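Since the structure comes first, as structure tokens, the remarks are kept for the end.
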Amino acid sequence: MKTSIRNVCLGIIFFIGAAHAIAQDALTAAHWQEDLRYLQKTVHHDFPFLFKKVAQQTWDAEVEMLYAQIPNLEAHEIEIGLTRMVSSFKYGHTQVPFGTAAKKGLLPVNLYHFKDGIYIEGVQNAHKKILGAKVLKVANIPIHEALEMIRPVVPVENEYYFKRYGLRFLTATAVLHAQGVVPKYTDTITLSLEKNGKTFDYDLRAIQQDQMSRGYGFTIPNETWMSSRAIGETPLYLKQLNEKYFFFEYLSSSKTLYVRQSSVFDHETESLSDFYERLFDFVDHNDIDKFIYDVRLNGGGNSYNNKPLIKGIMARPKINKTGTFFYIIGNDTFSACQNLTNEIENYTNAIMLGQPTSENRYFYGDAKAVTLPNSKMNAYLSYAWWQDGPDWENADATMPHFLKEITFEEYRTNQDPVLEMAMNYNYDSLIVNPMEHFKRLFMAGNMEQLQADSARILQDPMYAHIPFETEFLKVGEQLLGIGQYRGALVLYQMFVKSYPENAQMWEGLGKALENLGQKKEAEEAFAKAALLLKL
């Protein structure tokens, strides 16, 4: 009886799926154009606030271009075109689900972007020959060019979002064709690879999405899938990854408490509030010299679950100390975990290590589904703006105080250089937050020390990842905006010494001089800016 009911259910599911497929195939160009217009009108009427990173006129022009192209496109090209329209708002929550791009098939590999390149991190057993190979080309197009070609389809929040999540789209055959990586649709794609010092081409035929085996961006080995990571001791950040959202482990030899939280949702076996209670009970009853909290693989959840953690840390000065508390972030840190990261930055003394987050500091989230009338495609459009600080503190991502990326070989051999950085560096001699340090010196009027420290820090490779040039421009513009021209003049005089080829720096210097009545010097600065803009 159970078997017959199962067969009947499968038959119904097959019939519904087949009917949907027939309906999709029967869609005319007019149907698709109607769907596009529906999306356009819905965005303008209900979501006009999404026009932040893309101008309304630019977006409408892209809509018109797609509208005109639809009669000459295949169904999957139209679906990818609609995906591009939604992705162009550049908020990770505002998207057409990846399943639409993956519908025609995915290459049977799991790609991952390591410090030293893009590698085949996992593969189906039938293709074990290419496991661990570095990807050089896709369909004879250099890998980085291919990535730029598919980039418009990805709901790119920032560069780090694309680095982490964009690779999925590079394995979708529909995307490769729609974006011109391959001139004619095919379910077999040639990759140019490098392994063991040798380069070679390898053909891969697409499989269905439900045949993939991965979690948190990494392959889950099973009877049909292999991971490049060596069998051995699992590093803490991957330990029990697919069984538990959160866990902690005490490293008694160094009195280090390591915590990994990979979701801001409750787990079926334990709520986050119960986990936090258990965690802080351990903190209260044990000697802890280092408290390491790892959210590098945390893609979000419910932001309201963050409060007990922040309160618990703030109430415990023995762990909430610079040099004791380390917070590890990465390219998976997104959504509700971005909000958690903001709170950690605002209210604790944590040193942040790892890679930048894949979310803007402030962002649109909490998307509503918009179902297109004919194709029944779903577009998820964000409506909630998350912001917990002044506008001028927004940024593309949260940058770690100290950057550390993992190489493929480190991953393959179960090393964790980020954890090692937290465990083994002497942070007493380092300035953890240079911009805050510069601000304090400026406010104290200690310009000589400011010049000396900034010159030294700008040359220190430990800070090479910090976009000082961008940050300095923000500070200068803020001072000009509030009429602090003398302060702006001092800073811009420093800035042009460090960045003599930056026209905006010279423009800012000219504005400060002009407002202080130094017209000749201002004209010289403006002339320098104009010259640089012509180069």
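The values are calculated or read from the model by the stated rules, or taken from the named source; none is laboratory data. What you see is a predicted model; the values in this text were computed from it and never measured. Heads up, the Cβs are rebuilt from the backbone with ideal geometry, glycines too, and the neighbour counts pull from every protein chain shown.
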Considering only residues that are more than 28 Å from the chain's Cα centre (by Cα), surrounded by fewer than 16 Cβ atoms within 10 Å (Cβ to Cβ) and of a type in the set (A, V, I, L, M, F, W, C), which ones fall in the stretch 449-463?
Ala452, Ala455
Breaking point among (1) out of contact with any Gly (no Cβ under 7 Å at 6 or more places or on another chain); (2) in a loop (DSSP other than H, G, I, E, B), for Phe247
(2)
Is there any pair linking a residue in the stretch 360-384 that is over 23 Å from Leu340 (Cα atoms) and without any contact (Cβ under 8 Å) to a residue 24 or more places away in the chain to one that is among the hydroxyl-bearing types (Ser, Thr, Tyr) and assigned to a strand (DSSP E or B), with Cβ under 8 Å and at least six apart or on different chains, and which?
Ala369/Tyr380
Could you count how many residues in the stretch 18-30 are surrounded by 14 or more Cβ atoms within 10 Å (Cβ to Cβ), over 16 Å from Ala68 (Cβ atoms) and modelled with pLDDT of 85 or more?
1
Within the stretch 464-477, the count of residues that are outside any loop (DSSP other than H, G, I, E, B) and crowded, with 18+ Cβ neighbours inside 10 Å comes to 5
Can you confirm whether the stretch 413-436 contains a residue that is closer than 16 Å to Glu471 by Cβ and among the acidic types (Asp, Glu)?
yes
Considering only residues of the stretch 313-338 that are assigned to a helix (DSSP H, G or I) and under 22 Å from Val432 (Cβ atoms), which is farthest from the chain's Cα centre (by Cα)?
Met314
Apart from one, (1) at pLDDT 95 or above; (2) surrounded by 14 or more Cβ atoms within 10 Å (Cβ to Cβ) all hold for Gly487; the odd one out is (1)
Taking the stretch 264-305 and the residues there that are of a type in the set (Val, Ile, Thr) and within 19 Å of Asn349 (Cβ to Cβ), the one that is surrounded by the fewest Cβ atoms within 10 Å (Cβ to Cβ) would be Val283
Which residues, taken from the stretch 53-81, are exposed (fewer than 13 other Cβ atoms within 10 Å of the Cβ), in contact with a helix residue (DSSP H, G or I) (Cβ under 8 Å, 6 or more places away or on another chain) and without any contact (Cβ under 8 Å) to a residue 40 or more places away in the chain?
Gln56
Only unsatisfied item for Glu420, checking (1) part of a helix (DSSP H, G or I); (2) buried (at least 20 other Cβ atoms within 10 Å of the Cβ); (3) not aliphatic (A, V, I, L, M), is (2)
For the stretch 182-205, which positions are without any contact (Cβ under 8 Å) to a residue 12 or more places away in the chain and outside any loop (DSSP other than H, G, I, E, B)?
Lys198, Phe200, Asp201
Residues in the stretch 291-302: is at least one in a helix (DSSP H, G or I) and at pLDDT 95 or above?
no
For the stretch 419-445, pairs from a residue that is within 18 Å of Phe291 (Cβ to Cβ) to a residue that is surrounded by 10 or more Cβ atoms within 10 Å (Cβ to Cβ), with Cβ under 6 Å and 6 or more apart or across chains, are Met421/Leu353; Met421/Lys404; Ala422/Ile292; Ala422/Phe326; Ala422/Leu353; Tyr427/Gly323; Val432/Ile351; Val432/His401
Quick one: would you say Leu309 is buried (at least 21 other Cβ atoms within 10 Å of the Cβ), more than 26 Å from Lys115 (Cα to Cα) and not basic (Lys, Arg)?
yes
Consider the stretch 349-364. How many of its residues are more than 20 Å from Pro467 (Cα to Cα) and surrounded by fewer than 22 Cβ atoms within 10 Å (Cβ to Cβ)?
1
Considering only residues of the stretch 324-343 that are among the aliphatic types (A, V, I, L, M) and over 20 Å from Asp266 (Cβ atoms), which is surrounded by the most Cβ atoms within 10 Å (Cβ to Cβ)?
Ile329
Of the residues in the stretch 390-417, those that are assigned to a loop (DSSP other than H, G, I, E, B) and acidic (Asp, Glu) number 3
With respect to Glu194, is the statement that it is assigned by TED's automatic domain parsing to the domain that holds His127, acidic (Asp, Glu) and buried (at least 16 other Cβ atoms within 10 Å of the Cβ) true?
no
Quick one: which residue in Gln179, Gln208 is surrounded by fewer than 14 Cβ atoms within 10 Å (Cβ to Cβ) and in contact (Cβ under 8 Å) with a residue 60 or more places away in the chain?
Gln208
Residue among Lys137, Lys163 that alone is in contact with a strand residue (DSSP E or B) (Cβ under 7 Å, 6 or more places away or on another chain) and part of a helix (DSSP H, G or I)
Lys163
Consider Ala464 carefully, then state whether it is more than 25 Å from Met399 (Cα to Cα) and of a type in the set (A, V, I, L, M, F, W, C).
no
Can you spot a residue in the stretch 478-499 that is under 28 Å from the mean Cα position of the chain (by Cα) and either assigned to a helix (DSSP H, G or I) or of a type in the set (Val, Ile, Thr) (or both)?
yes
